[in-house]
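K.L.:
Here it is: the structure, laid out below.
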Amino acid sequence: MDLVAIQQMLGHWHVGTTMRYVTPSATFIEDAYRRATSNTLAALSEEPELS
């Protein structure tokens with residue numbers, strides 16, 4: 001779930017307050033890393049080569 005959505009549901013003014021209650025799972029972090037890596041590699045492979 002989106003951190004900002006959790007913040008609003010709990011009625012917190014600052015996201016830092018919400019972060020006290022949130023602990024991401026290891027699989028969440030791994031999945032985010034894989035997505036970021038895949039997206040970056042895909043974007044780099046799509047760029048035209050400079051001559």
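K.L.:
Checking the conditions here, which among Thr23, Thr27 is out of contact with any Cys (no Cβ under 7 Å at 6 or more places or on another chain), of a type in the set (S, T, N, Q), outside any helix (DSSP H, G or I) and loosely packed, with under 10 Cβ neighbours inside 10 Å?
P.N.:
Thr23
K.L.:
Going by the conditions given, is Ile6 in a helix (DSSP H, G or I) and modelled with pLDDT under 85? Give the steps one after another, and end with the answer.
P.N.:
Details: in a helix (DSSP H, G or I): yes; modelled with pLDDT under 85: no.
Against the criterion (in a helix (DSSP H, G or I) and modelled with pLDDT under 85), Ile6 does not qualify.
The values are calculated or read from the model by the stated rules, or taken from the named source; none is laboratory data. Please read these numbers as outputs of a predicted model, since none were measured by experiment. Because the Cβ atoms are built from the backbone with ideal geometry, glycine has one as well, and the counts that use them run over all protein chains shown.
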